[in-house]
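K.L.:
Starting off with a structure, shown below.
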């Protein structure tokens, strides 16, 4: 018969450690309770586990990717319900594992059950599956085990994950429509440039018309799309890969993250989203009884932004020296200057001019092939080159100036600092952190809805201007041609 090791407390609060013989874990728990003890830890003795093992572990189904957050949310909620009902942890995990379809989460639960059978605690077993259960998750489970309130901690953890997933879904859902409209608009305009404009260009060349500047610009853009159509697919991928490569390095990641939280329009949304997530994470950890330094380290790792990681690192260092949280949080929340952040801002400002310059170079090559009527096109190309260089210079200077003005701005405003200060003074830091998180969750929701409503008319205006430019550019030579033919 299997032997179980257990740790328990008697009615006077004294800790008891002993072994007991039972056929199942549930029977062992019932026997210990009948002895008048409160079970705090129960595990199968390692020698007994090996003797009673069937000989081989269950076969793990093949799974690609990671566990989805919504699946982890559901699992956590179900586990909290089972624990609240008083079921042993191993039996609860087996029930949930059997109900899951194949995937990373199911494989992780199978491994966790095996670890628990050999004497590990739930937190120790989960820590061996870092791709499924984060450090935040593991430490909250550890705090629940230490405090004997695992079901309560699981409920808090489920609420935390559900709120975070809900906010993520709202932001993604709000951006689906604008992104779809932009992709369709780009596809339509690219089709016009690739198929329709070259037909008009051939007709204008046959009649040897002197083309106005807007038409020459349109023809140059059409030539660019026809020759470099592959850039529409390659350029976004290359930019994304370069960004990922730069972020692999410490200073590259810091520069990118400082740029992204202050970029016009979307920067404020990213910043408030991070604030909502980090304050809720810290509040949940503090409520669960995780030590403040460990809670700050976990919050730093889950922030997902190098600027906020630096702030939480400075706060941790200050707390070790006897400071409060609010003071270093305020002192180190200033953006400061970073050369790579400046590079990103300059690149953002000069990108439209760079695209204009590449169009002008393409037009210049066409004008340089030499034939009648190319002189006017060469002159227009020169003007386009001059305008492109001017756009690069003005855009780069404007964005560099904007960045330098933002170096003295803060990423954590006085509202957060003051509420954290009040929470520390009153001993209700977790309550204040929850209120901050709720406030920023609401701001993110309002900003997302506002941006969605703003983007729609802007896209309509953009499409109207683009189509109007194409129509006017094509009709101006046609009107000139019809007038000359009628004479």
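Since every read-out is calculated from the coordinates, none of them should be taken as a lab result. This one's a predicted model, so the numbers in the text were calculated from it and none came from an experiment. We place every Cβ from the backbone using ideal geometry, glycine too, and count neighbours over all the protein chains shown.
K.L.:
Can you sort 411, 422, 238 so the residue with the fewest Cβ neighbours within 10 Å comes first?
P.N.:
Details: 411 20, 422 15, 238 11.
Least to most surrounded, the residues fall as 238, 422, 411.
K.L.:
Between residue 454 and residue 98, take the C-beta separation as r, use R0 = 41 Å, and let me know the FRET efficiency to the nearest 0.05.
P.N.:
Numbers: r = 49 Å, r/R0 = 1.20.
Taking R0 as 41 Å, the efficiency between residue 454 and residue 98 is 0.25.
K.L.:
In nm, to one decimal, how far is the modelled label at residue 233 from the one at residue 41, with both set 7 Å along Cα→Cβ?
P.N.:
For residue 233 paired with residue 41, the spin-label model returns 5.8 nm.
K.L.:
Same structure, new question: What percentages, rounded to whole numbers, describe P(r) for region 114-225 computed over all alpha carbon pairs with 5 Å bin width beginning at zero?
P.N.:
In order of increasing distance, the bins hold 2, 9, 11, 11, 8, 6, 5, 5, 5, 5, 5, 6, 6, 6, 4, 3, 2, 1 percent.
K.L.:
Highest first, please rank the peptides 320-329, 104-113 by the mean number of other Cβ atoms sitting within 10 Å of their residues. Walk me through the intermediate numbers first.
P.N.:
Values: 320-329: 15.0, 104-113: 21.4.
Those peptides, ordered most packed to least, come out 104-113, 320-329.
K.L.:
If I histogram all Cα-Cα distances within region 170-258 using bins 10 Å wide from 0, what percent of pairs lands in each bin?
P.N.:
Values per bin, smallest distances first: 14, 27, 27, 20, 10, 3.
K.L.:
Now, a different point. Rounded, prolate or oblate, given the Cα gyration tensor of region 69-162, with a/c below 1.5 counting as rounded? Display every interim value, and only then the final one.
P.N.:
On the way: a/c = 1.20, a/b = 1.10, b/c = 1.09.
Rounded, since a/c falls under 1.5.
K.L.:
Next question. Which residues does a label at residue 404 reach in region 312-341, if reach means a backbone N under 18 Å from a point 7 Å past the Cα toward the Cβ?
P.N.:
What the label zone holds, given the 18 Å backbone N cut-off, is 335-341.
K.L.:
Moving to a separate point now. Mind pulling the angle between the C-alpha long axis of helix 267-287 and the longest principal axis of the chain? Nearest 10 degrees, somewhere in 0 to 90.
P.N.:
In the chain, helix 267-287 runs at an angle near 0 degrees to the longest axis.
K.L.:
State, as an integer percentage, the relative contact order of region 256-342 based on alpha-carbon contacts under 8 Å between residues 6 or more apart.
P.N.:
Details: 66 pairs, mean separation 23.7, N = 87.
Contact order relative to length: 27 percent.
K.L.:
On to the next question. Provide the FRET efficiency to the nearest 0.05 for the residue 386-residue 413 pair, computing r from the beta carbons and using R0 = 56 Å. Let's see the in-between values first.
P.N.:
Details: r = 44 Å, r/R0 = 0.78.
Here the calculated transfer efficiency is 0.80.
K.L.:
Which FRET efficiency value, to the nearest 0.05, is calculated for residue 354 and residue 293 with the Förster distance at 45 angstrom and r the Cβ-Cβ distance?
P.N.:
0.45
K.L.:
List 127, 313, 473, 484 from most exposed to least, where exposure is judged by having the fewest other Cβ atoms within 10 Å.
P.N.:
Values: 127 19, 313 15, 473 22, 484 10.
With the fewest neighbours first, 127, 313, 473, 484 line up as 484, 313, 127, 473.
K.L.:
For the pair residue 78/residue 244, report the inter-label distance in nm, with labels modelled 7 Å from Cα in the Cβ direction.
P.N.:
3.2 nm
K.L.:
Moving on. Report, to the nearest 10°, how far helix 89-99 tilts away from the longest principal axis of the Cα atoms in the chain, using its own Cα long axis and a range of 0 to 90°.
P.N.:
40 degrees
K.L.:
Another question, if that's okay. Express in nm, to one decimal, how much length is gained between residue 226 and residue 190 on full extension, taking 0.36 nm for each residue of separation and deducting their alpha carbon distance. Kindly include the intermediate steps, with their values, before the conclusion.
P.N.:
Working: separation 36, 0.36 × 36 = 12.96 nm, distance 0.91 nm.
Separation in residues times 0.36 nm, less the Cα-Cα distance, equals 12.0 nm.
K.L.:
Something else: Using 7 Å Cα-to-Cβ label points, what is the residue 34/residue 135 separation (nm, one decimal)?
P.N.:
That separation, rounded to one decimal, is 4.6 nm.
K.L.:
If you don't mind, another one. Just to confirm the number: angle between the C-alpha axis of helix 231-247 and the first principal axis of the chain, 0 to 90 degrees, nearest 10?
P.N.:
It works out to around 40 degrees.
K.L.:
While we're looking at this one, here's another question. Among 425, 443, rank each residue by its count of other Cβ atoms within 10 Å, from fewest to most, as a rough exposure measure. Numbers along the way, then the final one.
P.N.:
Numbers: 425 12, 443 16.
By the 10 Å Cβ count, ascending, the order reads 425, 443.
K.L.:
Provide Rg over Rh for the chain; use the alpha carbon set for both Rg and the Kirkwood Rh (inverse mean inverse pair distance). Working shown, then result.
P.N.:
Details: Rg = 31.8 Å, Rh = 27.8 Å.
Reported Rg/Rh (Cα atoms, Kirkwood Rh): 1.14.
K.L.:
Counting only helical runs of four or more DSSP H residues, what would the 222 nm mean residue ellipticity of the chain come to if each run contributes -39,500 (n - 2.57) and the total is spread over all its residues? Display every interim value, and only then the final one.
P.N.:
On the way: 20 runs with 358 residues, N = 487.
Here the helix-only value at 222 nm equals -25000 deg cm²/dmol.
K.L.:
Would you give the gap between the C-alpha center of region 428-487 and the C-alpha center of region 275-342, rounded to a whole Å?
P.N.:
After rounding, the separation between the Cα centres reads 36 Å.
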